[in-house]
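The values are calculated or read from the model by the stated rules, or taken from the named source; none is laboratory data. Treat the numbers as computed from the prediction; the structure is a model and nothing was measured. Here the Cβ positions follow ideal geometry from the backbone for every residue, glycine too, while neighbour counts run over all protein chains shown.
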Amino acid sequence: MGAKATAGPSARERLLAAANELFYDEGVHTVGIDRVIERAGVAKASLYNTFGSKDELVRAYLEGRHARVAARITRYLERYSDPRDRLLGVFEAQGELFAEQGFRGCAFVSASAESPGEAVSRAADDYRGWVRGLLTGLAREAGAAEPEKLGRQLHMIYDGASLSARMDRDPSSAVTARAAAETLLDAATR
């Protein structure tokens, strides 16, 4: 008897891969469900059996983006043991993302601007809460006198860097953001 054939990606995985590509490149509002189904190579029933609706597919797409960003930043921060370096490493990880071919800005900003529904808002709120919590926690570890305040300030820099990288087509905005973050961190830990 021959070896068992390995199964390819599931319908869910194919739908999410197609959604990730199309929604990020063209927008969640612009891309119709039929294009996602065609790109994924699945039946329409597969989408509705798996996700129930386009809104839920969009939510799952954004949750996947969140997980990938979190994993990238976490891997990046594992390089450092010093709390100060770890905090600044968030901006270095962001720069790595900005330099990727096909970078089109923050998927959460784009989705929120295009399709402000409950599923998008919930996913965006979860992502933004994670970023702010990460920055606040790292500020606390670095010895900031007011870590919540510094976390909010750093979050604004993080958002601004992403916007600049997209709108100005300038991946080096992460370098500028890191320098601004370093200045704020130095002032907060004196």
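General observations
- Where helices (runs of 4 or more DSSP H) fall entirely within segment 1-68, those with at least 2 residues that are closer than 21 Å to residue 114 by Cα are at 11-26, 33-40.
- A residue that is more than 25 Å from residue 133 (Cα to Cα), charged (D, E, K, R) and surrounded by fewer than 15 Cβ atoms within 10 Å (Cβ to Cβ) occurs somewhere in segment 80-102.
- Verdict on residue 133 being closer than 21 Å to residue 72 by Cα and either outside the structural domain of residue 83 (by TED's automatic domain parsing) or not aliphatic (A, V, I, L, M) (or both): yes
- Residues in segment 132-146 that are touching a residue at least 40 places away in the same chain (Cβ under 8 Å) and surrounded by 15 or more Cβ atoms within 10 Å (Cβ to Cβ): 134, 135, 138, 139, 142, 144.
- Only one of the listed residues (126, 159) is in contact with a His (Cβ under 9 Å, 6 or more places away or on another chain) and either among the charged types (D, E, K, R) or at positive phi (or both). That residue is 126.
- Helices (runs of 4 or more DSSP H) wholly inside segment 99-190 that include at least 2 residues being under 18 Å from the mean Cα position of the chain (by Cα) and farther than 16 Å from residue 86 by Cα: 107-114, 118-141, 147-167
- Members of segment 65-79 found to be among the aliphatic types (A, V, I, L, M) and either under 15 Å from residue 178 (Cβ atoms) or crowded, with 18+ Cβ neighbours inside 10 Å (or both), listed by number: 69, 73, 77
- Long-range neighbours under 7 Å by Cβ, at least six apart or interchain, first residue touching a residue at least 24 places away in the same chain (Cβ under 8 Å) within segment 24-35, second of a type in the set (Val, Ile, Thr): 28/58
- Enumeration of residues in segment 37-61 that are out of contact with any Lys or Arg (no Cβ under 8 Å at 6 or more places or on another chain) and β-branched (Val, Ile, Thr): 58
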